[in-house]
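What follows is calculated from the coordinates using simple rules that are stated; it is not laboratory data. The structure presented is a predicted model; accordingly, all values stated were derived computationally and were not measured. So basically every Cβ, Gly included, is an ideal-geometry build from the backbone, and we count neighbours across all protein chains shown.
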Amino acid sequence: MPFEIVRNDITRMSTDAIVNPANSSLLGGGGVDGAIHRAAGPELLEECRGLGGCRTGEAKITKGYRLPAKYVIHTVGPVWRGGGYGEKELLSACYRNSLRLAEEARCESVAFPLISAGAYGYPQEEAMSVAVDTITAFLETSEMTVYLVLFGHGAFITGKKLYRDVVEYIDDVYAETRVSARRAHVRESLWRRDEAAGLDFDQRLAAEEPEYTSPNLNAPSAPMAAAPSEGLGKKKSALPNWKELLKRTDEGFSPALLRMIDERGMTDAQCYKRANVDRKLFSKIRSNPDYKPGKTTVFAFAVALELTLAETKDLLRRAGFAISRSSKLDIVMEYCIQHGVYNVYEINEVLFSLDLPLLGSGFRG
Ligand code: AR6
């Protein structure tokens with residue numbers, strides 16, 4: 001996956017490079033810096049002694065020694081002094097310069113901690129948005145896989161509006177499901193009572209309250225409804241003819257995906273990048289009309305293509321999936337799609353905090 005948030009200890013990451021939030025001496029310290037030096041062994045400090053320090057916002061590269069990572073990229077984040085001292089630009093420069101060094105060293109993967117968000121006091125939520133914005137801007141023109149390694153659940157994400165709204169929605173859906181289950185139980189008891197009282201089938205049906213017959217849990221599935229999506233605007237507005245419709249009913253996931261990309265006038269790269277999907281995985285999908293993706297991959301493309309809920313259900317069906325109210329992932333996706341949240345990174349932050357699988361995917365499908 002091109003950009004992934006993971007919960008881990010950065011010294012355990014077996015990426016080509018890991019990034020060390022160091023101080024300007026580059027001679028070790030506490031926090032991640034200390035942990036990296038301990039895990040890499042004394043040879044790392046030896047090499048660092050020869051680097052002559054590093055200025056805030058810049059980066060230098062060394063070998064990884066005893067670490068699983070081949071390289072360590074040392075960068076010096078800004079100390080937070082209230083935000084009026086160019087902290088944001090300096091922090092962004094840390095990510096950009098580190099990524100540039102990783103690229104020069106031909107790294108295919110690199111892992112960052114949240115630079116400056118510990119001893120240097122940068123507010124975590126803001127540090128996270130600088131990290132996400134800078135990394136995703138870089139990935140627009142690069143095929144590298146970048147990990148943002150967080151300690152803990154990212155408490156700062158749970159304070160965000162989208163997270164709170166999604167959690168409220170999940171609670172509502174669960175409450176609604178419980179009410180439906182209770183109603184079904186009551187309905188069955190009444191049905192049995194009427195049966196015992198000798199009412200025939202039609203009489204019992206007539207006695208049933210209409211609200212019990214339509215729990216209205218899922219939005220209607222209308223696979224071919226070409227509801228206009230906001231933002232992309234290049235979709236065909238006319239309904240397809242019947243011949244076309246019948247042909248499309250049997251269309252598999254891969255042909256349907258490629259057709260929708262074309263209909264929107266997007267390039268393949270625009271689409272797989274917006275979906276946070278690996279280029280290699282996209283070529284696999286492209287070259288195999290029978291390719292069966294994972295559910296998170298389908299959701300990722302639904303987000304990239306800004307599909308409506310009905311269109312998403314249709315695409316899922318073509319990959320052999322359905323939306324279920326008992327799946328938390330599905331409920332989160334239903335919320336995001338219905339509320340026009342089509343930013344895969346924003347959605348992934350919420351999924352990460354809820355311990356759910358993230359959207360987009362590499363070869364894990
Ligand atoms: N893996 C991933 N993240 C971690 C780990 C870990 N093993 N340990 C801590 N974090 P910090 P800074 C998180 O203080 O703010 C050093 O002394 C941590 O929760 O390591 O840039 C240097 O020498 C926090 O969110 O880096 C400098 O003097 C983030 O990583 C100074 O600290 C960064 O915390 C640099 O301070």
Ranked THR297, THR177, THR308, criterion: other C-beta atoms within 10 Å, fewest first = THR177, THR308, THR297
query = How much net charge surrounds ALA175 when only the other residues with a Cβ under 11 Å from the Cβ of ALA175 are counted, with Lys and Arg +1 and Asp and Glu -1?
reply = -2
inquiry  = Of all beta bridges DSSP finds with both residues in region 3-152, what is the antiparallel percent, to the nearest 5?
reply    = 20
task = Using only alpha carbon positions, build the gyration tensor of region 248-365, then give the equivalent ellipsoid semi-axes as the square roots of 5 times its eigenvalues, largest first, whole angstrom.
result = 20, 15, 14
ask   = In what sequence do CYS54, CYS94 fall when counting other Cβ within 10 Å, fewest first?
value = CYS54, CYS94
task = Mind giving me the FRET efficiency for GLU251 and ARG325? R0 is 25 Å, r the Cβ-Cβ distance, nearest 0.05 is fine.
result = 0.40
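Using Cβ contacts closer than 10 Å as the measure, can you line up HIS185, HIS37 from fewest to most?
Result, fewest neighbours first: HIS185, HIS37.
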query = Which of the peptides 344-350, 193-199 is most tightly packed, and how do the rest follow, judged by the mean count of other Cβ atoms within 10 Å per residue?
reply = 344-350, 193-199
Of the GluC sites (Glu not before Pro) in region 135-170, those whose Cβ has at most 16 other Cβ within 10 Å and which sit in DSSP loop = GLU140, GLU143
message = Which one, GLN124, PRO78, THR62, is farthest towards the positive end of the dipole of region 45-134 when Lys and Arg carry +1 and Asp and Glu -1 on their Cβ?
response = THR62
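Less than 14 Å Cβ to Cβ from ARG7, Lys/Arg counted +1 and Asp/Glu -1: what total charge do the surrounding residues give?
Numbers: positive: ARG12; negative: GLU4, ASP9, GLU349, ASP355.
Cβ neighbours under 14 Å give a net charge of -3.
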remark   = The answer for chymotrypsin sites (Phe, Trp or Tyr not before Pro) in region 41-91 that fall in a DSSP coil and have at most 15 neighbouring Cβ atoms within 10 Å is TYR85
